[in-house]
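In what follows, a single structure is set out as structure tokens and then discussed.
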Ligand SMILES: [Mn+2]
């Protein structure tokens, strides 16, 4: 099915599907393993569509081998009780609907063949399930399966409740990578959904973009920033140095995101010092030196330790508790050897914190 001029075709297929469903009182909807937001959203939305149009039909959603990381966030953000959508163990499925699934391999423990009656609703480029399906709603030129269900709802004038609208928009945003991969049908589906609930669009965005940070991580990052010393390299690049006891990676990420070209985080634990280095793309491009791994290798050689990593991210463990001034001395030497003069802009509290 193409999307161009495809609404008529979609309408016919949708009515055909409802006709098939009429004779099957118990329906099991399956999506792929490690279900993503699109898989979950399109399954739950299809369940809603079926039960709205056929009150006597029961549709159940099965998620083989759980849901993926982003989907967990969406489920939690919307307080969805996925178990309540599942079938009781005694349920016999009169009909199976594969949603957002492109091969039987994606549905572990499920055997095709032996006259299994099933339907496919999907948007993947190739779908090996279509051959034996009773009916297939397979739209390759659609960016997500949630879109297909939204357009089917539009055809039938089915109006999902707000949480479901948010869920479906999340599915669409996830599969289109925040609309980067959107197709005309994406906007058509979003138009229908946001007309029903305009706040749901913003809500889906904030659920998808929220990263849950623990309190201890937030504290480590804020401590790391407040202790940071600021240095210049040839009056051009900014180097930030700090010390923290945990979450070094998050601390350095914050420093780099705030504009530092190079970030160092030190952590000292009983008898050893760990130095972590991050370098921005800007400084890597300008210096043409794999700065992070180069610097950690240098420090490992200088202080006797082991380290390494990538040009943008590396670390070294030094088997002694080195003092701030010792580190500064070797950093000055390292940068000087590469033609970069290190000047102090602001020393920062890390110098005292590390030696405490
Ligand atoms: Mn999908």
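Residues in segment 309-333 that are in contact with a strand residue (DSSP E or B) (Cβ under 9 Å, 6 or more places away or on another chain) and assigned to a helix (DSSP H, G or I): 324, 327, 328, 331, 332. Of all residues in segment 21-39, those being under 19 Å from residue 118 (Cα atoms) and out of contact with any strand residue (DSSP E or B) (no Cβ under 6 Å at 6 or more places or on another chain) number 7. Entry remark, segment 122-146: residues being closer than 16 Å to residue 20 by Cα and either at pLDDT 95 or above or assigned to a loop (DSSP other than H, G, I, E, B) (or both) number 2 in total.
Just one of the listed residues (129, 95) is within 16 Å of the ligand (Cβ to nearest atom), in contact with a strand residue (DSSP E or B) (Cβ under 7 Å, 6 or more places away or on another chain) and in the same structural domain as residue 16 (by TED's automatic domain parsing), namely 129. Only one of the listed residues (149, 172) is more than 14 Å from residue 46 (Cα to Cα), at pLDDT 95 or above, in contact with a helix residue (DSSP H, G or I) (Cβ under 7 Å, 6 or more places away or on another chain) and within 12 Å of the ligand (Cβ to nearest atom). That residue is 172. Answer with yes or no whether residue 102 is crowded, with 17+ Cβ neighbours inside 10 Å, within 16 Å of the ligand (Cβ to nearest atom) and within 25 Å of residue 161 (Cβ to Cβ). No: the conditions fail for residue 102. The set of residues in segment 224-243 being within 27 Å of the chain's Cα centre (by Cα) and either buried (at least 20 other Cβ atoms within 10 Å of the Cβ) or in contact (Cβ under 8 Å) with a residue 40 or more places away in the chain (or both) consists of 224 alone.
Here segment 259-271 is the region considered, the condition is being over 19 Å from residue 328 (Cβ atoms) and at pLDDT below 95, and the residue that is surrounded by the fewest Cβ atoms within 10 Å (Cβ to Cβ) is 270. So in segment 310-330, with the set limited to residues that are within 39 Å of the chain's Cα centre (by Cα) and without any contact (Cβ under 8 Å) to a residue 24 or more places away in the chain, which one is nearest to residue 233 (Cα to Cα)? Restricting to residues being within 39 Å of the chain's Cα centre (by Cα) and without any contact (Cβ under 8 Å) to a residue 24 or more places away in the chain, the top hit is 328.
Being surrounded by 14 or more Cβ atoms within 10 Å (Cβ to Cβ), in the same structural domain as residue 72 (by TED's automatic domain parsing), closer than 17 Å to residue 14 by Cα and more than 15 Å from the ligand (Cβ to nearest atom) is a property that residue 142 lacks. On the stretch given as segment 207-241, residues that are at positive phi and either in contact with a helix residue (DSSP H, G or I) (Cβ under 7 Å, 6 or more places away or on another chain) or assigned to a strand (DSSP E or B) (or both) total 0. Residues that are surrounded by 16 or more Cβ atoms within 10 Å (Cβ to Cβ) and either within 16 Å of the ligand (Cβ to nearest atom) or within 19 Å of residue 117 (Cβ to Cβ) (or both) within segment 2-19 comprise 3, 13, 14, 17, 18, listed in sequence order. Does segment 40-49 contain any residue that is within 15 Å of the ligand (Cβ to nearest atom) and over 17 Å from residue 153 (Cα atoms)? No; the residues of segment 40-49 include none that is within 15 Å of the ligand (Cβ to nearest atom) and over 17 Å from residue 153 (Cα atoms).
The values are calculated or read from the model by the stated rules, or taken from the named source; none is laboratory data. Keep in mind the model is a prediction, meaning the values are calculated, not measured. Here Cβ is always computed from backbone atoms with ideal geometry, including for glycine, and neighbour counts include all displayed protein chains.
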